[in-house]
Structure formats: structure tokens, C-alpha cells
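Colleague: Okay, handing you the structure first.
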Amino acid sequence: MTPRLQVQDLQLALGGRPVLRGVDLQLDSGWTAIVGPNGAGKSTLLRALAGLLPAQSGQVLLDGRPLARWTAGERARRLAWLAQLGDTTGELSVRETVELGRIAHLGLGGTPGPRDAQAVAQAMALTECQDWALRRLQELSGGERQRVLLARALATEAPLLLLDEPTTHLDAPHQVALARLFRQLAARPGHAVVTVLHELSIALQADHLVVMAQGQVVAQGPCADAGVQRALEAVFGQAIRIRPGPCGRPQVALNLDEPSHAD
Ligand SMILES: Nc1ncnc2c1ncn2[C@@H]1O[C@H](COP(=O)(O)OP(=O)(O)OP(=O)(O)O)[C@@H](O)[C@H]1O
């Protein structure tokens with residue numbers, strides 16, 4: 001069954017400041033990219049979707065049941081979360097880090113079997129980090145580390161992937177490879193991928209966009225939707241223009257000559 005996330009009038013404050021202001025959202029199959037300016041509330045929304053932040057009011061439902069009523073184990077088998085800045089797990093090797101993704105299935109101290117080894121090997125192959133299996137995470141570059149942490153999320157085999165800026169630190173070919181991977185993963189029956197992304201050219205490859213500004217969702221829908229594109233141009237100001245691209249997918253054009261609202 002494809003995971004179904006519903007956000008109903010979600011209000012959330014951090015440090016006494018309102019950060020999410022009445023977010024309503026429905027996410028099901030496919031690849032959804034959440035975009036918006038710095039501080040718009042994207043990571044906060046993703047953490048709330050993962051059940052990591054309690055709401056002041058409103059709720060997040062996973063498969064029709066409030067997230068707050070899922071046990072941690074149930075949640076971990078249904079959804080995997082990749083943090084924005086990536087936690088570095090000390091002295092662990094790359095393989096040991098990816099193996100942590102199997103804890104939801106094994107429990108702490110459980111003995112991995114062939115099924116677990118297969119999931120780990122497959123996740124490492126998908127992110128091309130199998131050649132570093134024995135190196136320690138802290139010895140890797142930012143982009144290499146990001147790929148290992150993504151592999152850990154993939155190793156969970158959770159049908160719902162919530163990934164906060166998974167392309168950060170990656171070079172252009174690996175960003176494109178990941179976009180292709182997200183599309184493939186989200187196209188599998190019963191799976192969905194939600195990514196927070198800053199790289200708009202990558203975000204526009206998703207099936208759906210959610211555009212956020214100032215703690216609110218200002219538009220959501222297919223990338224080709226005219227309302228979604230207008231919202232993108234509105235929240236990013238004159239700095240970008242969306243134009244038709246090949247295969248019916250829109251493309252982003254940077255507008256260096258017009259002052260942006262950051263100027
Ligand atoms: N722990 C916290 N305490 C107080 N305010 C916070 C806290 N964490 C985040 N915020 C504020 O909440 C707002 C939304 O932050 P969030 O990280 O969700 O934004 P974002 O859209 O993901 O931004 P970015 O694109 O810069 O990663 C910001 O104004 C931020 O300063």
C-alpha cells in the first residue's frame with residue numbers, strides 16, 4: 001500500500017516562534033519536492049512529517065492514523081528520514097553506518113541475516129559507495145558522506161523516504177543520478193519519496209512540487225502546473241524564471257540582470 005501522508009491545519013512553534021502556520025497537505029505516490037526560500041519552514045515540515053516534532057495544533061496522519069499514535073518501531077519500518085546536515089556517527093565505517101538502517105527490522109542487538117546483507121549491499125550500490133565500505137565516515141568528503149547517509153536511509157527499505165536536502169554537497173553528475181534514482185524509487189508500487197531541495201533544476205524533475213514561504217504552503221501540484229510556476233517565481237522574486245523544457249518538464253533559468261528581492 002502506498003504510504004499516504006495528510007497534514008491538517010498544522011501549527012508548530014520552535015523556541016516560542018511560530019514556524020508552521022496552518023499547513024494543509026496531502027502526499028501520496030510519486031516524488032514530491034518541497035521548495036522555498038531559506039527559513040520558509042521546509043525542514044521543520046519534513047521533521048513533523050517524520051514524527052520528530054510535536055504539533056501545537058493540527059495533525060499529521062500516516063495511512064489515516066495520527067503519527068503520534070504510531071510506535072517508534074512501526075514508524076521506522078514505514079518511513080525513513082535523512083537529516084539536513086547529516087549526522088556523523090563517530091568512528092563507524094561506511095558499511096557499519098549503512099547497516100544501522102536495518103535496526104528497524106532487527107531491533108537493537110539483533111543478528112543480521114542474508115536479507116539484511118542484501119538490503120545493505122543494494123543501498124550501497126544505488127548510491128555508489130560500495131568501494132568505501134571499510135573507510136570511516138569521518139574520513140569522507142561532504143558529498144561522499146551524504147551518499148553514505150542516503151544509503152543508510154535506503155537500507156531501511158521503508159516505502160516512504162523523507163529526505164532533507166539529499167543533493168547537498170553532491171557534484172552535478174551525482175545530483176542528476178539521484179534525481180533519476182528518486183524517480184525510479186517513487187515509481188515502484190507502494191512507494192513515495194519526499195525531498196526538500198534547494199536546487200530548483202533538480203526539484204523540477206519531481207512529480208509534484210510543494211512551494212513554501214513564511215511557514216505556509218503557497219502552492220502545490222505538478223511541476224508543469226501554471227499556478228505552481230507562478231508561485232515559484234513569486235517566492236524567489238526576479239532571480240528566476242521558469243520556462244518550458246523538453247519532454248514537457250519546465251526548466252529554471254537564472255535571471256542575473258534583474259535585482260532579486262535579496263538585493
Ligand atoms: N530550534 C529552533 N528554535 C527557534 N527557531 C527555529 C529553530 N529551528 C528553526 N527555527 C526557525 O524556523 C524557521 C524555519 O526553519 P527551517 O529550518 O524549517 O527552514 P527551511 O525552509 O528548511 O530553511 P533552509 O532553506 O535555510 O534550510 C526559520 O526562521 C528558523 O530560524
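The values are calculated or read from the model by the stated rules, or taken from the named source; none is laboratory data. Given the structure is predicted, the values throughout are model-derived calculations rather than measurements. Backbone-built Cβ (ideal geometry, glycine too); neighbour counts: all protein chains shown.
Colleague: Would you mind telling me which numbered condition in (1) in a loop (DSSP other than H, G, I, E, B); (2) in contact (Cβ under 8 Å) with a residue 40 or more places away in the chain; (3) more than 23 Å from Leu162 (Cα to Cα) Asp257 fails?
Modeller: (2)
Colleague: Restricting to region 169-198, give me the number of residues that are modelled with pLDDT of 90 or more and of a type in the set (Asp, Glu).
Modeller: Matching residues across region 169-198 total 0.
Colleague: If you don't mind, there's one more thing I want to ask. Take Arg241 and decide whether it is in a helix (DSSP H, G or I) and either away from the ligand (no atom under 16 Å from the Cβ) or hydroxyl-bearing (Ser, Thr, Tyr) (or both).
Modeller: no
Colleague: How about region 11-20: which of its residues are in contact (Cβ under 8 Å) with a residue 60 or more places away in the chain and either away from the ligand (no atom under 11 Å from the Cβ) or surrounded by fewer than 18 Cβ atoms within 10 Å (Cβ to Cβ) (or both)?
Modeller: Pro18
Colleague: Filtering region 21-72 down to residues that are among the β-branched types (Val, Ile, Thr) and over 22 Å from Gly190 (Cα atoms), which residue is nearest to the ligand (Cβ to nearest atom)?
Modeller: Ranking the candidates gives Thr44 first.
Colleague: Also: From Ala219, Ala253, Ala213, Ala203, which residue is modelled with pLDDT under 85 and within 24 Å of the chain's Cα centre (by Cα)?
Modeller: Ala253
Colleague: Quick check on Leu61: is it surrounded by 15 or more Cβ atoms within 10 Å (Cβ to Cβ) and in contact (Cβ under 8 Å) with a residue 24 or more places away in the chain? Can you show your working first?
Modeller: On the way: surrounded by 15 or more Cβ atoms within 10 Å (Cβ to Cβ): yes; in contact (Cβ under 8 Å) with a residue 24 or more places away in the chain: yes.
Yes.
Colleague: Which of the numbered conditions does Pro166 fail, given that it passes all the others? Conditions: (1) closer than 20 Å to Ala50 by Cβ; (2) at pLDDT 90 or above.
Modeller: (2)
Colleague: Let me ask something else about it. Within region 96-103, can one find any residue that is of a type in the set (Ser, Thr, Tyr), closer than 30 Å to Ile240 by Cα, modelled with pLDDT of 90 or more and within 22 Å of the chain's Cα centre (by Cα)?
Modeller: Checking region 96-103: not a single residue is of a type in the set (Ser, Thr, Tyr), closer than 30 Å to Ile240 by Cα, modelled with pLDDT of 90 or more and within 22 Å of the chain's Cα centre (by Cα).
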